[in-house]
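The structure appears right after this line, and notes come after that.
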Amino acid sequence: MEQLLATRVLTCSLPDLRRSTSILNMRPQLAATQHIPETDRKRSFLWMLPLGSAVLALRSHSQPDQVPLSQRNRMLRRPRTDFASPTGRTRKRKRPHFLLTPSNPNVHATPGRTHEASSLRDSIKKCRRPHQLLKIFEEIRNAGALEASIFGSAMQRCGQGMWWDQLVYIYSMHRELGVSLHCIENNILLHALASCLKCKRTSVEAMEIRKQQALKLARGAWGCPPPTAVADFNCGLSSALRLCARIGSDAYAWADELWEWSEQQPLQKTYVTYAARMCLCEQRGQHASVADLLTQTMLQRLSPNEVVLGGLLEGAAASFNWKRADEIWHLLVHSHHVEANFLGYTAYAKAHLLAGRPQVSVEIIDAMLARDTCRMDYKLAVEYLQALLLVCHSSLAEADIQRLTTFLDEGATIIARESAQSGKKAWKTLASQASKMIADPGSVRFEDLLGTMNTRELSIMKDWQSCRAGSGYLKDGMSEKSRRA
């Protein structure tokens, strides 16, 4: 970690830290806000930072523009009834529902979090590189301005960036520096650990070591202090269960211990917590347990939602069980009347794609687009092109070729408008293979058509031997043997 601190630090755009930390002792200067009624000052929960002749109201917690795009889209697509909490803002200042936990300081205690440190937390959240975060953290430390919320913001940013080494270092420093963390910081740690286990740049061997470290850190942090509020209880338990799902079989025993412990607590579980448990059971192939939990929640008048639909479908996708995906869809969408959203449809399509059924994946996306309630983003455009490419290669039907040609133009517009560099690269690769196949189907090998991570590394198709163009290898009922011939 000393090497991390010795890394050459580039200039980053953050407010003058000396000014920010000096504000910690500027309480008399806050007299300028005394014309605001005390109740209104508490309700709006603002930190008034002098900036020339203007007054800047800094945010008290993360907003949509402060998290990565993909995470932001997932969070904003969650159902408001289960994933929206009071933010303490007046109606005039109402922002999009974004947080899972309440943040109204008039109602919910926030120990270890001061108004005066708002500008410091804001600087941490804006870090674009890990060395920038470490620089700011060390400057705050040297200024004697560290508090629990600073650790929470830093760990949250590490999780968003999947900065594992920095996360472990910052968490370890709270003991060395004698800063007590509270439930909210420990819950942030659990979520950040799970996020770091998604890093695709880490080797399989290194990831296995990381998972063991994550389990050890999580078990050490759990219950210090024990949750006494419903929000802390549910956030902590659901985050721990999702971390166990990321770690895999080595963490299943701890997950069961946590659930047994939670059943003895007087605090009521929310659907968010039940959803985390259901998704873990689905991952473990415990379908009967999923059904029991659904029944249990219905008896408590907690209805299944889009989030649990997507989570269960992801579990079916990971096991290449498209029949189970169909069962989940029928049970939740048709029987329990869950209104599938963008994430539900894409998870359903993914389950069939990973199971070697791209033709069904195309049909599912078409059904979603026909509803006119969801639009295609750049990631879905890439996956849709991938599925169309495989369907076209299998059949070589004129209608499929025409459809592929049309979407190459439509999808290119989406990619040009909003795609990240990774999306543009994947689109370019797939479009190139599509052009070759249309010109000369026999010149393209099947394995060269697998251009996305889902098909190339995660699907059963990665093990198929070359399938001949136009042979209809995707037709239902064909055996694995015939596909490998």
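The values are calculated or read from the model by the stated rules, or taken from the named source; none is laboratory data. Computed from a prediction, not measured in an experiment: that's the story for all the values here. Please note: Cβ atoms are built from the backbone with ideal geometry, for glycine as well, and neighbour counts cover all protein chains shown.
Key figures
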read-out: Selection within the range 362-421 - in contact (Cβ under 8 Å) with a residue 60 or more places away in the chain and of a type in the set (S, T, N, Q); value: Gln386, Ser394, Ser395
read-out: Qualifying position, being over 13 Å from Leu389 (Cα atoms), in contact with a helix residue (DSSP H, G or I) (Cβ under 9 Å, 6 or more places away or on another chain) and assigned to a loop (DSSP other than H, G, I, E, B), among Lys424, Lys475; value: Lys475
read-out: Residues being over 24 Å from Ala397 (Cβ atoms) and either without any contact (Cβ under 8 Å) to a residue 24 or more places away in the chain or in contact with a Cys (Cβ under 7 Å, 6 or more places away or on another chain) (or both) - total across the range 425-455; value: 2
read-out: Condition broken by Gln213, with the remaining ones in (1) in contact with a Lys or Arg (Cβ under 9 Å, 6 or more places away or on another chain); (2) at pLDDT 95 or above satisfied; value: (1)
read-out: Filter result (over 21 Å from the mean Cα position of the chain (by Cα) and under 15 Å from Gly223 (Cα atoms)) within the range 238-270; value: Trp254, Glu257, Leu258, Trp259, Glu260, Trp261, Ser262, Gln264, Gln265, Leu267
read-out: Verdict on Ile365 being under 22 Å from the mean Cα position of the chain (by Cα) and part of a helix (DSSP H, G or I); value: yes
read-out: Subset of the range 399-414 [under 16 Å from Tyr378 (Cα atoms), of a type outside the set (A, V, I, L, M, F, W, C) and crowded, with 16+ Cβ neighbours inside 10 Å]; value: Gly411
read-out: Every pair of residues 6+ apart whose Cβ atoms lie under 6 Å, when the first sits in the range 191-205 and is assigned by TED's automatic domain parsing to the domain that holds Trp163 and under 12 Å from Cys244 (Cα atoms) while the second is surrounded by 11 or more Cβ atoms within 10 Å (Cβ to Cβ) and at pLDDT 95 or above; value: none
read-out: Selection within the range 216-237 - outside any loop (DSSP other than H, G, I, E, B) and either closer than 20 Å to Gln156 by Cβ or under 18 Å from the mean Cα position of the chain (by Cα) (or both); value: Leu217, Ala218, Gly220, Ala221, Ala231, Asp232, Phe233, Asn234, Cys235, Gly236, Leu237
read-out: Failed condition for Ala340, given (1) aliphatic (A, V, I, L, M); (2) touching a helix residue (DSSP H, G or I) at 6+ places or on another chain (Cβ under 6 Å); (3) in contact (Cβ under 8 Å) with a residue 60 or more places away in the chain; value: (3)
